[in-house]
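Beneath this line is the structure, given in structure tokens, with notes to follow.
Values quoted throughout were computed directly from the atomic coordinates according to the rules given, and no laboratory measurement underlies them. These numbers were taken from a predicted model, which means no experiment stands behind them. All Cβ positions, glycine included, derive from the backbone under ideal geometry; neighbour counts span all protein chains shown.
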Amino acid sequence: EIRWIRHQISETVHLYRNGEDVYGAQMEEYIGRTELARDGLSSGILDLRITGVRPFDDGQYVCTVRDADSYGEALVELEVAAPFFHNAHHWMAALGVFLTLSVLSTALSAYLWRKKS
């Protein structure tokens, strides 16, 4: 059994048991957003992928591994940083890219024109 839990909340983020994902015990906030990366399981890599990361996801996670004979755990810290323009609308980002490319294009044209002269 591989279980990822939130450290402070002590609730299940993702549970993998007997070769299958078990979603019944999962926190509502993570439904449809988690996946255990299975390609590394045989070598002990127990990566959890969280899609659509939100500020709520910030914090400590505990990965527990349990079988009939043993138990182990590891603590992981996830830091969620806001994007540079976290309040920007899509059109603002597009305008910023357009203006940047326009300035670069104009500067390149001026440089090539001077070089030609």
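List of remarks:
- Helix 90-116 axis, angle to the chain major axis (alpha carbon atoms, nearest 10°): 40 degrees
- Here is how the number arises for the chain: DSSP H runs of 4 or more residues each give -39500 (n - 2.57), the sum is divided by the residue count, and the result at 222 nm is -8000 deg cm²/dmol.
- For log10 I(q)/I(0) by the Debye sum over Cα atoms at q = 0.12, 0.16, 0.19, 0.23 Å⁻¹, computed directly from the structure shown, the correct entry in [x] -0.59, -0.81, -1.02, -1.31; [y] -0.49, -0.84, -1.10, -1.34; [z] -0.45, -0.76, -1.02, -1.40 is [x].
- Between the stretch 1-40 and the stretch 93-110, the alpha-carbon centres lie 45 Å apart.
- Its Cα centre serving as origin, the stretch 1-60 has a Cβ charge dipole (Lys and Arg +1, Asp and Glu -1) of approximately 40 debye.
- Dipole of the chain [Lys/Arg +1, Asp/Glu -1 at C-beta], most positive-end residue of ALA81, HIS7, GLY59: ALA81
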